[in-house]
Amino acid sequence: MQHEQIVDRFFAAIEAGAIDTVQDIYAPDAVIWHNDDLVEQTVEDNLKVLAGLHRAVSGISYEIVRRAALADGVLQQHVLRGRLPDGTTVALHCAMYLQIRDGHITRVDEYLDSAARGPIRRARESV
C-alpha cells in the first residue's frame with residue numbers, strides 16, 4: 001500500500017471515530033510528538049486523546065491543504081474542523097510529518113497553534 005493510501009485510511013478512521021482502525025494503522029511502538037508540549041506519546045496515550053476528541057468534538061473532518069509524499073512517509077498540512085458541544089465551530093490548522101514503514105505509521109510529528117487548540121482541549125477535559 002502506498003504511503004498516501006495509508007495516510008488517507010488513517011485520517012478517515014479518525015474522522016469516523018474508528019479508534020481500533022487507528023490502532024491497527026499505527027506500528028505498536030509508534031511515537032506521536034506534538035510541538036506544543038514536546039512530549040513523545042505512546043500509541044495507547046494517543047488513542048485516549050483521539051477518543052476524548054470524539055467525545056468533545058462532533059463532525060470531525062480534515063481539509064487537506066497541501067500534501068507531499070516522501071520516501072519514508074507523508075508531509076501534510078490540513079485543517080481539522082468540527083463542532084464543540086456548545087455549538088462553536090473549530091478550525092485547527094496543523095502540519096504533520098507521518099513516517100511509515102512496512103505499511104504502518106511509526107512516527108507522527110504534529111505542529112499546531114496551541115492557543116487555537118485551547119477550546120478543543122477544554123471541551124475534551126469537560127466531557
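The values are calculated or read from the model by the stated rules, or taken from the named source; none is laboratory data. Quantities reported herein were computed from a predicted structural model and do not represent experimental measurements. Reconstructed Cβ throughout: ideal geometry from the backbone, glycine too, with neighbour counts over all protein chains shown.
Out of curiosity, is Asp8 among the acidic types (Asp, Glu), in contact (Cβ under 8 Å) with a residue 12 or more places away in the chain and not in a loop (DSSP other than H, G, I, E, B)?
Answer is no for this residue.
Sort through Asp20, Asp102, Asp37 and tell me the only one that's on the phi > 0 side of the Ramachandran plot and acidic (Asp, Glu).
When all the criteria are applied, what remains is Asp102.
Among the residues of segment 11-22, how many are of a type in the set (Val, Ile, Thr) and either touching a residue at least 40 places away in the same chain (Cβ under 8 Å) or within 14 Å of Val74 (Cα to Cα) (or both)?
Qualifying residue count, segment 11-22: 1.
Does at least one position in segment 75-85 carry a residue that is among the charged types (D, E, K, R), surrounded by 15 or more Cβ atoms within 10 Å (Cβ to Cβ), out of contact with any Gly (no Cβ under 7 Å at 6 or more places or on another chain) and on the phi < 0 side of the Ramachandran plot?
Among the residues of segment 75-85, at least one is among the charged types (D, E, K, R), surrounded by 15 or more Cβ atoms within 10 Å (Cβ to Cβ), out of contact with any Gly (no Cβ under 7 Å at 6 or more places or on another chain) and on the phi < 0 side of the Ramachandran plot, which makes the answer yes.
Are any residues in segment 11-22 touching a strand residue (DSSP E or B) at 6+ places or on another chain (Cβ under 9 Å) and outside any helix (DSSP H, G or I), and if so, which ones?
Scanning segment 11-22 gives a single hit, Gly17.
Determine whether segment 5-27 contains at least one residue that is modelled with pLDDT under 95 and surrounded by fewer than 16 Cβ atoms within 10 Å (Cβ to Cβ). Break it down into steps so the answer makes sense when it comes.
Here is the first cut: in segment 5-27, the ones modelled with pLDDT under 95 are none.
No, there is no match, as no residue in segment 5-27 is modelled with pLDDT under 95 and surrounded by fewer than 16 Cβ atoms within 10 Å (Cβ to Cβ).
Does segment 35-48 include one or more residues that are under 18 Å from Glu15 (Cβ atoms), β-branched (Val, Ile, Thr) and either touching a Ser or Thr at 6+ places or on another chain (Cβ under 9 Å) or surrounded by 15 or more Cβ atoms within 10 Å (Cβ to Cβ) (or both)?
no
I'd like the residue in segment 86-114 that is in contact with an Asp or Glu (Cβ under 6 Å, 6 or more places away or on another chain) and among the hydroxyl-bearing types (Ser, Thr, Tyr) and, out of all such residues, is modelled with the highest pLDDT.
Here the residue is Tyr97.
Among (1) modelled with pLDDT under 95; (2) loosely packed, with under 15 Cβ neighbours inside 10 Å, which single condition is Arg124 missing?
(2)
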